Amino acid sequence: MEIAAYIEHSILKPTTTIADIEKLCAEAVRHNFTTVCVPPLFVKKAKQLCVNSAVQIATVIGFPFGYSAVEAKLAEVLLAMVDGADELEVVINIAALKNNDWQYLANELNTILPIIKRKQKGIKIIIETALLTEDEIIKCCDLYGIAGVNFIKTSTGYAEKVVLIESVKLLRKHLADAVKINASGDILSFQFAKALIDAGADSIACSNGMLVLEESKS
């Protein structure tokens, strides 16, 4: 397995420095990782560092808890696209979901998605599977999958539980083939990364992409 083609090389810690971004992007370009995901502050810098490569630039919206008002998320999306983001990773409002306010979530999606699509950018919807019941995950598949998002992402990495292989399998079962799955959260080994891919993940978001890569060669 050529694992590099699956890796979204991420750094989203609050202490991120320019040096961290330079290292992340250099590794991604050198090893042909699919994407780098960086805080909004560093989108423009990452775009410059990955110029003339196939590496996509992603950033997060409403990170990490999805609490931001719809209007705030839309402003974040617009600014990120101006700075050069290729993919927008939007954290849904988990509080709305847990209060069964699917109309709020539909309105959030219907406000943001057309803007991203119009600019021909990619959208990943982060649903935090570790905090959801099976029924809630299936409802997310119905809402976001039918709407035509590019990816559903399993986690921000800030949930108290790790991504589960069973959650990836459940997503794959209830999503159309055109909607991809981005597995994220405490992916600390090549073995676990491969298991997630075998379960149906189309890409792996991890902050230790180099470790996963090196393990795949051993």
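Each Lys and Arg Cβ is given +1 and each Asp and Glu Cβ -1; about its Cα centre, the chain then shows a dipole of about 480 debye. Coupling constants for segment 35-41 follow from the phi torsions by the Karplus curve (6.51 cos²θ - 1.76 cosθ + 1.60, θ = phi - 60°), and in residue order they are 8, 10, 10, 10, x, x, 4 Hz; glycine and proline get x. Students often get this wrong, so try it: which of [x] 15.6, 45; [y] 16.9, 54; [z] 16.1, 49 is Rg and Dmax of the Cα atoms in Å as calculated from the structure shown? Computed from these coordinates, Rg and Dmax of the Cα atoms in Å corresponds to label [z]. Sparsely packed loop sites in segment 4-102 (the GluC sites (Glu not before Pro) outside DSSP H, G, I, E and B with at most 14 other Cβ atoms within 10 Å) do not occur. Between amide H atoms placed 1.01 Å from N, distances below 5 Å from Lys153 occur with Ile125, Ile126, Ile127, Asn182, all of them 5 or more places distant or on a separate chain.
Note that segment 207-218 has calculated 3J(HN,Hα) couplings of 7, 10, x, 5, 5, 4, 4, 5, 5, 5, 9, 8 Hz, one per residue in order, obtained from phi through the Karplus relation 6.51 cos²θ - 1.76 cosθ + 1.60 (θ = phi - 60°); glycine and proline are x. Between Ser53, Ser68, Ser203, the GNM of the chain built on Cα springs shorter than 10 angstrom shows Ser53 fluctuating the most. Which links in Lys45/Lys98; Lys47/Lys194; Lys73/Lys98; Lys117/Lys169 stretch past 31 Å when you go from one Cα to the other? From Lys45/Lys98; Lys47/Lys194; Lys73/Lys98; Lys117/Lys169, over 31 Å: Lys45/Lys98.
Taking Lys and Arg as +1 and Asp and Glu as -1, the other residues whose beta-carbon sits under 14 Å from that of Leu79 total +2. Each Lys or Arg adds one and each Asp or Glu takes one away; over the other residues whose Cβ falls under 12 Å from the Cβ of Pro39, this sums to -1.
Shown here for segment 98-199: chymotrypsin sites (Phe, Trp or Tyr not before Pro) in loop regions (DSSP other than H, G, I, E, B) with at most 16 other Cβ atoms within 10 Å, namely Tyr158.
Residues whose amide H lies under 5 Å from that of Gly122, counting only those 5 or more places away or on a different chain, are Glu87, Leu88; hydrogens are built 1.01 Å from N in the peptide plane. Net charge in the neighbourhood of Pro114 (other residues with Cβ under 13 Å of its Cβ; Lys, Arg +1, Asp, Glu -1) is +3. Computing FRET efficiency as 1/(1 + (r/R0)^6) for Lys23 and Met1, where r is the C-beta to C-beta distance and R0 is 35 Å, gives about 0.90. In loop segments of segment 133-171 as defined by DSSP, the trypsin sites (Lys or Arg not before Pro) with at most 16 further C-beta atoms inside 10 Å of their C-beta are Lys161.
Relative to the current alpha-carbon distance between Val51 and Glu71, full extension at 0.36 nm per residue lengthens the span by 4.1 nm. Express in % the proportion of alpha carbon pairs of segment 58-149 at distances exceeding 15 Å. Percent of Cα pairs beyond 15 Å in segment 58-149: 55.
We did not get these values from a lab; they are worked out from the coordinates using the rules stated. Since the model is a prediction, treat every value here as computed from it, not as a measurement. Glycine also receives a Cβ, built like all others from the backbone with ideal geometry; neighbour counts cover every protein chain displayed.
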